[in-house]
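Structure, as structure tokens:
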Amino acid sequence: MFHPIAIYIGLRYTRAKRRNHFISFISGTSMVGITLGIVALIVVLSVMNGFHKEIQARILSMASHATLADPYGGGIKDWREVLERVRAHPDVVGAAPFVEVQGMLVNGSQVSGALIRGIIPTEEDQVAELRRDMVAGSVDDLVDGEFRIILGQDLANFLGVMPGDKVTVVTPQVSATPVGIMPRLKRFTVSGVFSVGMADYDRNAAFMQMDDAAKLLSLGDAVSGVRLKLTDMWLAPQLSRDIAYELDGVYRVLDWTQVHSNFFSALAMEKRMMSIILFLIVAVAAFNIVSTLVMVVTDKQADIAVLRTLGASPARIMGIFMVQGTAIGLVGTLIGMVAGVILALNVESVVAGIEGLFGVHFLDPTIYYISALPSDVHLKDVLFVGGAAFVMSVLATIYPAWRAAATQPAEALRYE
């Protein structure tokens, strides 16, 4: 079907000659439409990949890849042995014990709920990056017996405290007193403030020394669980369960994909829907090729008839017009892929330039968690978009090419 003659004639038909300037213009418009659709799709997918990567990095800077905890809520008493065994596992990069409780922080009339986690600063460095996120004070200020606490920046602002101020920590545990049952509470000194850039942590999290937290909760020598950092975060569900099976006893296993499953599922759904919507742009541009080739077939009726009388088979006639439509789709796809990758790699600079030129700000960090537009170009996305656009372009040529092949020479030359 794709004999060199068919290729030669098909490529000639893509260029304007005498009376078919309008058809050539439509061909160019189809090509530009495919290019713009591919550019838009590659840039949007790259920005969404970058956004997902940025949010994921911020979440995992505080959350561990996996957690081993007591399924009955009584705490792990032999946590030192557990820590030693999991650290010896080849798939474990780091492990750290913790004590965790949902409590309330009080400063005067300001009251806020918070997730309070007791940590050992030197051990916590193995599984999280709290030290990097400190904006005031130091993680090393959390010393056993000093009853110090580190707050998220938004939480500290809400309570109206800064390093050196006092806050009262109230826990769900109760104590029997002469005046009745009272919630357990303790005054802590604010020793530092951290900022991750996500409201889930900056507004709702606080850290204290692990032994102080254990005393507050009357856990004795037990801990709430052990946090793990693994060699491959994407294999966390399987690896964490394999590690738990190798330990003595029964443990409740949670990994980051479970804790944040709704959030990451929503991001994945958003990416899929945006891909479908933007693919419609490419599809519209690709199927413009149909109208282009139909007009070309109508315009070239006499040429088709002459070729048929000279011995050209219907298959070769079909090949001529498929070559024309395929050439339009191929050129548009290649230009779109190259331009899309270039723009995606420089989108942050482009957006910053637009913001500076027009005095606008597209990303409010209080809403989107980030202030700059990240981009992460994936080769598989580029190849998938380009391949899908090209396939749609080829499919769009079949009907017009079939109509051309069905042309009868006698009918076409009747009025010539």
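The values are calculated or read from the model by the stated rules, or taken from the named source; none is laboratory data. As the structure is a prediction and not an experimental result, all values here were calculated from the model. When we count neighbours, we look across all protein chains shown, and the Cβ atoms used for this are built from the backbone with ideal geometry, even at glycine. All accessible areas refer to the heavy atoms of the entire protein, side chains included, with ligands and DNA or RNA removed. Shrake-Rupley method; radii C 1.70, N 1.55, O 1.52, S 1.80 Å.
Return yes when LYS229 is open to solvent by 10 Å² or more (accessible area, probe 1.4 Å) and more than 23 Å from ARG85 (Cα to Cα) and no when it is not. Judged against the criteria, LYS229 is not a match.
Within region 199-209, the residues that satisfy the criterion of being aliphatic (A, V, I, L, M) and either buried (at least 17 other Cβ atoms within 10 Å of the Cβ) or part of a strand (DSSP E or B) (or both) are ALA205, ALA206, MET208. Within region 215-226, the set of residues being crowded, with 16+ Cβ neighbours inside 10 Å and either of a type in the set (Ser, Thr, Tyr) or not in a helix (DSSP H, G or I) (or both) comprises LEU219, ALA222, VAL223, SER224, GLY225, VAL226.
Would you call GLY10 modelled with pLDDT of 80 or more and surrounded by 17 or more Cβ atoms within 10 Å (Cβ to Cβ)? So GLY10 fails the test. Of the residues making up region 227-241, those that are within 18 Å of ALA96 (Cα to Cα) and in a helix (DSSP H, G or I) are MET233, ALA236, LEU239, SER240, ARG241. Given the criteria among the acidic types (Asp, Glu), in contact with a strand residue (DSSP E or B) (Cβ under 8 Å, 6 or more places away or on another chain) and either at pLDDT 80 or above or open to solvent by less than 80 Å² (accessible area, probe 1.4 Å) (or both), does ASP299 qualify? Answer is no for this residue. Of all strands (runs of 3 or more DSSP E) completely enclosed by region 82-198, which ones contain at least 1 residues that are hydroxyl-bearing (Ser, Thr, Tyr) and over 32 Å from the mean Cα position of the chain (by Cα)? Passing ranges, in order: 166-177, 180-194. Residue under question is SER240, and the condition is that it be open to solvent by less than 40 Å² (accessible area, probe 1.4 Å) and polar (S, T, N, Q); does it hold? So SER240 passes the test.
If you go through region 20-52 and pick out every residue that is in a helix (DSSP H, G or I) and modelled with pLDDT under 80, you end up with 10.
Of all residues in region 318-363, exactly one satisfies the criterion of being modelled with pLDDT of 85 or more and not in a helix (DSSP H, G or I), namely ASN346.
Collect the residues in region 245-296 that are within 30 Å of GLY336 (Cα to Cα), of a type outside the set (A, V, I, L, M, F, W, C) and in contact (Cβ under 8 Å) with a residue 60 or more places away in the chain, keeping them in residue-number order.
Taking region 245-296 as the starting set, the residues that turn out to be within 30 Å of GLY336 (Cα to Cα) are 264-296.
With the extra rule that they be of a type outside the set (A, V, I, L, M, F, W, C), the set shrinks to 265, 270-272, 275, 288, 291-292.
Those that are within 30 Å of GLY336 (Cα to Cα), of a type outside the set (A, V, I, L, M, F, W, C) and in contact (Cβ under 8 Å) with a residue 60 or more places away in the chain: GLU270, LYS271, SER275, ASN288, SER291, THR292.
The lone criterion from (1) in contact with an Asp or Glu (Cβ under 9 Å, 6 or more places away or on another chain); (2) within 30 Å of ASP140 (Cα to Cα); (3) surrounded by fewer than 17 Cβ atoms within 10 Å (Cβ to Cβ) left unmet by ASP212 is number (3).
Scanning region 376-406 for residues that are within 30 Å of ALA57 (Cβ to Cβ) and not in a helix (DSSP H, G or I) turns up ASP376, VAL377, HIS378.
Keeping to region 242-267, report how many residues are assigned to a helix (DSSP H, G or I) and more than 18 Å from ALA88 (Cβ to Cβ). Qualifying residue count, region 242-267: 11. Is it the case that region 135-145 has a residue that's open to solvent by 40 Å² or more (accessible area, probe 1.4 Å), among the acidic types (Asp, Glu) and under 25 Å from LEU60 (Cα atoms)? Yes - at least one qualifying residue is present in region 135-145.
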